[in-house]
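The values are calculated or read from the model by the stated rules, or taken from the named source; none is laboratory data. Quick caveat, the model's predicted, so the values are computed rather than measured. No Cβ is skipped: glycine too gets one built from the backbone with ideal geometry, and neighbour counts run over all protein chains shown. When the accessible area is computed, the model is the full protein with side chains, heavy atoms only, and any ligands, DNA or RNA have been set aside. Shrake-Rupley method; radii C 1.70, N 1.55, O 1.52, S 1.80 Å.
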Amino acid sequence: MWLTPEEVSQKNALKLWVTEKSNDYFILQRRRGHGDSGGKITGMLVGALDTVLDSNARVAPFRILLQVPASPVSWVIASGESFLLILSPIYITISEVQKHWKWLDQNLLPYMAVFENKQDAASFAQGKVKGLIAEEVLAGQAALEDDPARFREVLARFEQRFGLPQQEKLVAHYSCCCWKGRVPRQGWLYLSTNHLAFYSFLLGKEVKLQVPWVEVTGMEQTTLGLMTDVIRVRTRQKQREFSMFLNVDEVMTVMTQLADLALRRLLDSGGLEVQSIEKAESTSALPNPVIISVKSKKAFQLIDLAQRDELVDNLTDRLRCLHWRQAVFRGNSQRKKSLVTLNFYTLSPEEGDGVSDEALRNTVLTESLITTFQTGQSQSPNHKTTSEQLKVRLWEDHFEEFGRGVHMFRTDKIRKLVAMGIPESLRGEMWLTFSDACSSLSAHPDYYSDLVSRSMCETSVATEEIERDLHRSLPEHSAFQNQTGISALRRVLTAYAHRNPNIGYCQSMNILASVLLLYTREEEAFWLLVTVCERMLPDYFNHRVIGAQVDQSVFEELIRERLPSLSESVPDLSPLASVSLTWFLTLFLSVLPFRSALHVLDCFFYHGIKAVFQLGLAVLDANAAELSTSTDDGQALMTLTRYSDKKKIELCNPACVCVCVFVGSFLEQVRDDDEPCVCAEEAGPAGHTHITTLINDAHEKFGDLTVRQLEKMRSRHRIHVLQNHEDTTKENTLRLVSPDVSLSQEDLSSLYDLFKTEHFISLYWGDGVCREVRAGGRGYTESYHVDRAQFKSLYLLLTPWPCGPHTDTMAQRTFALLDQNHHNRISFTQFSRWLDTLYCEEFNEKVRLLYRLHIPPALTENEDQSSAGKNPILSTNRPLYVDLPNGTKHRLMPYCFISEAEFVFFLRQREFVQFCKTLCCMFHGDSAENELFQAIAMVTSLVLQIGEARNKGRRPSGAEPEEGKSPDRAASDPAEVEGDWTVSFEQILASLLTEQALVNFLERPVDLNHKICSAKEKQYQTRSGLLMIQSKTR
C-alpha cells in the first residue's frame, strides 16, 4: 500500500529492520523477527508484541524507503500494512511488496537517474507517490477505510461496555495507554459526541473510565518521562494521561474539537445546531451531495452518501419535530405579540431635514451617511483630494488586472493597498466583497425591510438598551448628531436584535454599526453587522462575551510565544491582556483615532480576526521596552494609557488607572498617513506613528500567524473560559441558596453537580428543549432547570422514603407542587429547598410536606386510574385561592413559601385515606414495619373519630359563624359547604405526635452524602435504561 511520504531516521532504527533489497534510491526492509519460526528471541518478541498490541498499534512487517544517497534521512513510501486503514488493517504478502518494488524499479528509477541533483530526484519521487495515492482514492481503492461491519462491531462493544443508549454517537476510537501513576494500561480510547471513555481488560482486571466533555477543564500535549506523545486531560477532580498513539496530533485535534463543540452546545447554547437539510445536484466530482446549514450560518456539504434520500427524509422529520417541540415549549408569549405593519419610506440623507421625526424613524436610507456628513477632521481639502484620487487610481488599476467583486484575485498587492487604507468611495463596496456579506444581501432582497416592519413596533430589554446607547455612538460625528443617523442606527440594531434574540443587543455593537452606516447603505450595513456577529466574530456579542474572553486568553498565549522577552520581564500578563479586551470588542474603534481605526477595519474585513491579533502584538512590541521596565501593574497600564497632566492624575490612584485604560497613549498618537503634521508638543516625545507603518510591521513580524492556528488555540482556551464561567455560576447559585437551607456546603455543591448532570443528560439524549431556557437567559436567574421526567429520575435516586409502586405517583405530585407556575420545569433553588425539608427540617415540616402532597395542586384528576394513590372523587375544582382569617384572599404557593398562618386547606376523608396509604408505602420494608403499621392504624382511628366529631359539631344552616371566623372563611373550602368529613393539618399533626414510632421514623437521620454518592453511580444507568426502553417501544 502506498503511503504519504513520512520522514524517518536510519540512525535511530535500533536495528529493528533487516534490508532485503536496495538500490540507489530505494530500500526494501523486513521487520526483524517477522516470520521467524525457529524459536529465536526476536521472533518470540515480535510475536508477543503482536499478541498484546491491537491491530492498529502493530508495526508493518514490510516497508519501502526512499533515500537520498549520503543522507541519514529517508522517507517511508510503501508498507506491508496500510496505516490509512484505521478500522480494518490489511496485511499483504511478500509477493505484493515485490510488486511495488518492481514498479518502482521499472517505472520510476530510470527517470530519477536523469536528475543531476539527488535531492530533486527524491522530491520527484515523493510527488509521484502522492499522485499514486490520489489515483487510488479516485479509483475507489480507499473505500476500505470505512468498514461498516467493523465499525458496527466497535460501536456495539462501546455501547455494551459503558451502557450508553444509541443516541450517544461514537465518533472515533484509538488504541492507547492510560497511565495510573507510573503504571500504563493498554486499552481503547472512545471519543463520542458527549463523552471521553477508556476501556482496558488486562491480566484479568477491567478498567472503565467515562468523562463527559462538559467536565473537562483543559487538555494539552505534554511529556511524561520518556514519553513525548502524552495527552493530558484535566477535570475538576483529577487529571489523566493517555499515550502511545499512532498519530497523537490527530487524536488531540479530534478531542479538542469534540470538547469544544460539546461545551459550546451545552454551556453556551452554541455549537452546530442544524437549521436546514437539503439535497444538491449530483455531479461526477461531487456525487450524491447533501448540504447541512447550521445556526452559526455555516454550511457543510457531505458527498457520496449511501441511501441519501432516506437519510435526508429522516433528518428532516426529526428537525421538524424538534422545531415543533421548541415552539410549544416557548409558550404563548410570542403568539400574543401583535404585529403592526408600518409604512416605510426611502430617501437619501439630504432629504431628511424636511421630514417629521415619526416618518424619519420609519425611513430606510438608500445612501451611505458619509455622502452627506463629513468626519469633521481638520485636513487640507487639496491634500485629501489628491491622496484619495491616487488611492482610487491604484485600486482601479488592480481591478483591471485582477477583476472586481467576489471573483477578484487576492494578491500581495491588494494586501498592501488595504494597509494603505481603502478609498472612501470604495470602502463600503470592498467591505461587502471581502466579508462576503454581499452574498447574503443578494440572496435576501426584501428580508431587511420586512424585518424592520416587524421589529420596530415591539418593545423588549434589547430595545431599551439600544435606546440608551443611540446617542453614545460616535457622538463626535455629525451624522449622529441629528435624527437621520440616529434613526438609521436604531433600525439596524433593532432589526438585528429581532433576527437573533439569543444575542439581542450588546454594547459595542452600536459603535460598529455606526461606522458601517457611514460607508454603506442601511441594508448593507445590516448584513455586514450580521456577518461580523455571526461569522467573523462568533460568540463576541452576547451577554457573557465569551468569544472576546477566549481571544483575550489566546492573545495572552501569543504574547508568551511571540514576545518572549516581554513575557520574561512581565511574568503576569493578565493586566496587559485585560487592556486588549476593548481592542477586540470594538476592533480598535474606541482606542485609535477615527481615521486610523478605519484602516484597522479595512484589514479586519480582508484578513479576518488575525489582523486584530497581529496589530495587538505589534502595539505591545512597539512598547516592549517601556513595559519591561515598569515597576508594577499600574505603571505598565499607564504606559498603554493616556496620561493627562491637565487632570493631574496620580499614578497611585487605582481608579484613574481604570478610567485611563480605555485610551492608549501610544494608540492616541497613531495617525492616518493623510493627516497633516501637528506641533511637537501635541505629538509627544515619541512623535506620531503612521497606521500604515504599524500595520506593515505587524504583517512582517507576525504574518505567519494563520487562522487555522488561531482556531486550534481558540478551541483549547474556550474550554477553560467556559469552565470558569460555570464555576462562577455555581458559586453565585450556592451563595443565593445557602441562607435558605440547612444543608452543608459540601452536600449542596454535590447536589448542584447532580442536578446539572441530570440537565445535561436530557441534552445528551433527549430533545434538547430545556436548553431554550438557558438561551433565553435574561428572564431567569438560574442556568439549569429540570423537567418532569428529569425530576422523577432525581426523586428515585435521592428520596429518603421510597414508596414502592407508589414512588412514581409521589414524584409526580412533588413536581406539581414545586411547579406552581406551570412552566413544566423547576430550578435548583426549589429542588434544594425540597430536599432540605426531607433531610434537615423538623418533624412538623416533614408532615406539612406530606400533607400538601395530598391536596391540590399536587393532587389532580389526571393521575393514572391504576395508581396506588388515586382517589376517584378528587377534584381540581377546589379553590387554589383561600380566604385568610383577616378577610383577604391568598393564592396557595409552594410549601416552602407558606407560613403556618396561611396553611388553611382541609383534608377530606378519602384524601386522608390516601395520606395513610402513602405512609404505609413508606414503612414497607423497614425493620420496624409491624410497629409502624400498628401506629398508623391507631392514628387513622383517632383522626377518623376527630373528623366525625367535627362533622357532627358543625353549626346548622343559618347559624352565626364561630367567634373569630369570618363568613367568607367559613365558605372558603367546598368541603365545609357540602357538609363532608374534613380534618385540618393541625389535627393530623397532633394525632401523629401521639405515636412515638412514627415520630422516630420521620426524624430518623438519613445520610444525604451517601445518597448522593450512590446517585452519581446510578444516574447514567437509570436514564440510559429508560431511554433504551423508550427506543424499543417506538
Worksheet item: How would you classify the stretch 398-493 from its alpha-carbon gyration tensor, with a ≥ b ≥ c the square roots of the eigenvalues: rounded for a/c under 1.5, else prolate if a/b is greater than b/c, otherwise oblate?
Response: oblate
Worksheet item: At what distance in angstrom do the alpha carbon centres of the stretch 920-935 and the stretch 788-834 lie from each other?
Response: 23
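Subtract the Cα-Cα distance of Ser95 and Phe843 from 0.36 nm times their separation in residues, and report this length gain in nm to one decimal.
Fully extending the segment from Ser95 to Phe843 adds 260.8 nm.
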Discussion item. What's the ranking of 429-439, 444-454 by average number of surrounding C-beta atoms within 10 Å, highest first?
Written reply: 429-439, 444-454
Practice prompt. Would you mind working out the accessible area per residue for the stretch 464-507, using a 1.4 Å probe, and quoting it in Å²?
Written response: 38
Worksheet entry | Among Val171, Tyr190, Leu202 the positive-end extreme of the charge dipole of the stretch 166-208 (Cβ point charges) | Leu202
Practice prompt. With an 8 Å cut-off on Cα pairs and a minimum separation of 6 or more residues, tell me the relative contact order of the stretch 517-589 in percent.
Written response: 22
Fill in: Contact order normalised by residue count of the stretch 581-623, Cα under 8 Å, 6+ apart, percent
29
Worksheet entry | Euclidean distance of C-alpha centroids, the stretch 104-119 and the stretch 739-764, integer Å | 69
Practice prompt. Report ³J(HN,Hα) in whole Hz for each residue of the stretch 522-534, in order, from the Karplus equation J = 6.51 cos²θ - 1.76 cosθ + 1.60 where θ = phi - 60°; Gly and Pro get x.
Written response: 4, 5, 5, 4, 4, 6, 5, 5, 4, 5, 5, 6, 9
Worksheet item: Excluding ligands, DNA and RNA, what is the solvent-accessible area per residue of the stretch 518-588 at a probe of 1.4 Å, expressed in Å²?
Response: 28
Worksheet item: Given the stretch 158-261, what count of lysine pairs have C-alpha atoms under 17 Å apart, with each pair 8 or more places apart or on different chains?
Response: 4
Practice prompt. Please work out the C-alpha center-to-center distance from the stretch 479-499 to the stretch 412-432 and express it in whole Å.
Written response: 26
Item to complete: Give the peptides 521-531, 909-919 in descending order of average Cβ contacts within 10 Å, highest first.
Response: 521-531, 909-919
